[in-house]
Amino acid sequence: QVQLAESGGGLVQSGGSLSLSCAASGSISTIDAMGWYRQAPGKQRELVATIDKLGGTNYANSVKGRFTISGDNAKNTVYLEMNSLKSEDTALYYCFAGAFGHNPYWGRGTQVTVSS
C-alpha cells in the first residue's frame, strides 16, 4: 500500500503562482510514476502532469510552459510548480501514484482557486 499526503494549494490571483507537493509513504519501491490530476466542478477529472521514476515528464497541453513537475527521490515527494495561473486552472488537484499491477493510489485532493 502507498499513502499520499498533499500540501499546498490555496487562493491566488490570476497570473500568480502556487506550488503543490505530494509525499509518498508505504510501499515506495512499487511506484512507477507519480503526478497530478485535477477536477473542476461539473467536469471530469483530467491529467495535469506526470513524472516517472526515471524523471521523464508529461504534461497536459493546457499547462505546458506554465506548470513544472519535479521529484525528490530522497524525500519520496513530487512537486508541481504552477505559474501564470488562470481562472480555468481552478480545480481540486489530486496526487496519484502508479504502481505496476495495482490500481493507482490517490491523495485526498487539495483545492486551487484562481481569482480573475
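Each value in this text was obtained by applying a stated rule to the coordinates, not by laboratory testing. Source: prediction; values computed, not measured. FYI the Cβ positions are ideal-geometry reconstructions off the backbone, even for glycines, and counts take in every protein chain you see.
Points to keep in mind about this one:
- Selection within segment 26-74: residues that are closer than 12 Å to residue 97 by Cα, of a type in the set (Ser, Thr, Tyr) and under 14 Å from the mean Cα position of the chain (by Cα). The member of this set that is surrounded by the most Cβ atoms within 10 Å (Cβ to Cβ) is 37.
- Flag for residue 4 being surrounded by 14 or more Cβ atoms within 10 Å (Cβ to Cβ), outside any loop (DSSP other than H, G, I, E, B) and among the hydrophobic types (A, V, I, L, M, F, W, C): yes
- Within segment 78-93, the set of residues being surrounded by fewer than 18 Cβ atoms within 10 Å (Cβ to Cβ) and over 19 Å from residue 22 (Cα atoms) comprises 84, 86, 87, 88.
- Taking the criterion of being within 18 Å of residue 52 (Cβ to Cβ), of a type in the set (Gly, Ala, Ser) and assigned to a loop (DSSP other than H, G, I, E, B), the only residue of segment 70-106 that qualifies is 101.
- Listed by first and then second residue, the pairs linking a residue in segment 94-116 that is buried (at least 19 other Cβ atoms within 10 Å of the Cβ) to a residue that is of a type in the set (Lys, Arg) and assigned to a loop (DSSP other than H, G, I, E, B), with Cβ atoms under 9 Å apart and 6 or more places separating them unless they lie on different chains, are 94/45; 94/108; 95/108; 114/86.
- Residue within segment 77-92 that is more than 14 Å from the chain's Cα centre (by Cα) and of a type in the set (D, E, K, R) present: yes
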